[in-house]
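Accompanying notes for the structure given below.
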Amino acid sequence: MAGNSQRRNRRTSNKKGAQVGSGGKRRRGLEGKGPTPPASARKGHVQNRAANAKAKQTARRQVARRGGKGTSEMVVGRNPVFEALRDGVPASMLYVQQYIDNDERVREALQLAADRGGIHLMEAPKPELDRMTNGLNHQGLVLQVPAYEYAHPDDLAAAAFDDGEDPLIVALDGVTDPRNLGAVVRSVAAFGGHGVVVPERRAAGMTAGAWKSSAGAAARTPVARCTNLTRTLEAYRKAGLTIVGLAADGEAEVGDLTQLGGPVVIVVGSEGKGLSRLVGETCDFRVRIPMPGGTESLNAGVAAGVVLYEASRHRVR
């Protein structure tokens, strides 16, 4: 009898079907999980990796088209910080050394930062400021200047056309002094220009020095950055703009060029080397500034101001 009972128990335990107390886990496991996602949405699939790579490339192109950001910088020292705040250089943070000797210049800088608003004050120990400035003589004051938001070259011409005006743009070729860039921005603003274009490499950018030289004009005059100046000038020509380059051996004098009255890009080279070969060959006209006094060349800021004045005389406002 005992043997028969054990055989019956084994047969019962081997029966198919859900066991008592499963809680319906088997039933939930059989429920559908919805439609199978496409290959491009399945993590690890080759099409998914390709889709992700394409999305990243698109994002990079969009950033490049907007012009992108420059790099942030720091202004150090009591007088430089005070002058930057006084001249309207954008700032996000003013670091003040703990237990600083509170002289008149420090008080003036703190007051300017408070009056401007939007500038955070941060007290920091001297070793921390030394580390931030790589050991420069900061004198207890460090001003953080945020990265500049560059425009895209296409935006400058488009904005002018949208306003019903002929674009007047200055492009800089090989100008590496930020003070010259600031002076050009100031001249463009003074004569009703629509912006300045600079290359990404081997060229001055919108640093604190450029902001100061612009005397506030950088706040209302866009600066665009391009990866290749020659291609940018060719794109401007296709959009209907005349490319005018400044050169000491130019074929015509700047005052005789009537094309300055229309949509135009004025290209200014460096004081020492002038226009590079490829940029010079891209220009529709190369003009010279007559200098009876015998000076060999003008710096970029002065040269741009002279040509912008001539352009303003030709243009109907």
- Message: How charged is the neighbourhood of residue 288? Take every other residue with its Cβ under 11 Å from the Cβ of residue 288, and add Lys/Arg as +1 and Asp/Glu as -1.
- Response: -3
- Label model pair residue 231, residue 133: point-to-point distance (7 angstrom along the Cα→beta-carbon line) in nm is 4.1 nm
- Most to least accessible of 122, 206 (protein chains only, probe 1.4 Å): 122, 206
- Query: What is the sum of charges around residue 83, taking Lys and Arg as +1, Asp and Glu as -1, for the other residues whose C-beta is under 12 Å from the C-beta of residue 83?
  - Reply: +2
- Note on the structure: Residues whose modelled amide H sits under 5 Å from the amide H of residue 93, counting only those 5 or more places away in sequence or on another chain, are 120, 144
- Task: For residue 95, tell me the accessible area in Å² from a 1.4 Å probe, rounded to the nearest 10.
- Result: 40 Å²
- Which net charge results for the neighbourhood of residue 243, defined as the other residues with beta-carbon distances under 9 angstrom from its beta-carbon, given Lys and Arg at +1 and Asp and Glu at -1? -1
- Item | Under-5 Å amide H pairs with residue 124, H placed in peptide plane, nonlocal only | 96, 97, 98
- With the contact rule set at Cα under 8 Å and sequence spacing of 6 or more, what percent relative contact order holds for region 224-286? 44 percent
- Query: How much solvent-accessible surface does residue 156 expose, in Å² to the nearest 10, with a 1.4 Å probe and all protein chains in place?
  - Reply: 10 Å²
- Set Lys and Arg Cβ to +1 and Asp and Glu Cβ to -1, take the dipole of region 117-164 about its Cα centre, and tell me which of 119, 133, 161 lies farthest positive. 133
- Message: Past the 15 angstrom mark, what percentage of all C-alpha to C-alpha distances in region 153-250 do you count?
- Response: 59 percent
- Message: Keeping all protein chains in the complex and leaving out DNA, RNA and ligands, what accessible area do you get for residue 285 with a 1.4 Å probe, in Å² to the nearest 10?
- Response: 70 Å²
- From zero up to wherever the largest Cα-Cα distance of region 250-317 sits, split into 5 Å bins and tell me the percent of pairs in each. 3, 15, 27, 29, 17, 7, 2
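The values are calculated or read from the model by the stated rules, or taken from the named source; none is laboratory data. These figures come from a predicted structure and were not determined experimentally. Here the Cβ is made from the backbone with ideal geometry for all residues, glycine too, and neighbour counts use every protein chain on show. Protein only, heavy atoms only, side chains kept; ligands, DNA and RNA dropped before computing areas. Shrake-Rupley method; radii C 1.70, N 1.55, O 1.52, S 1.80 Å.
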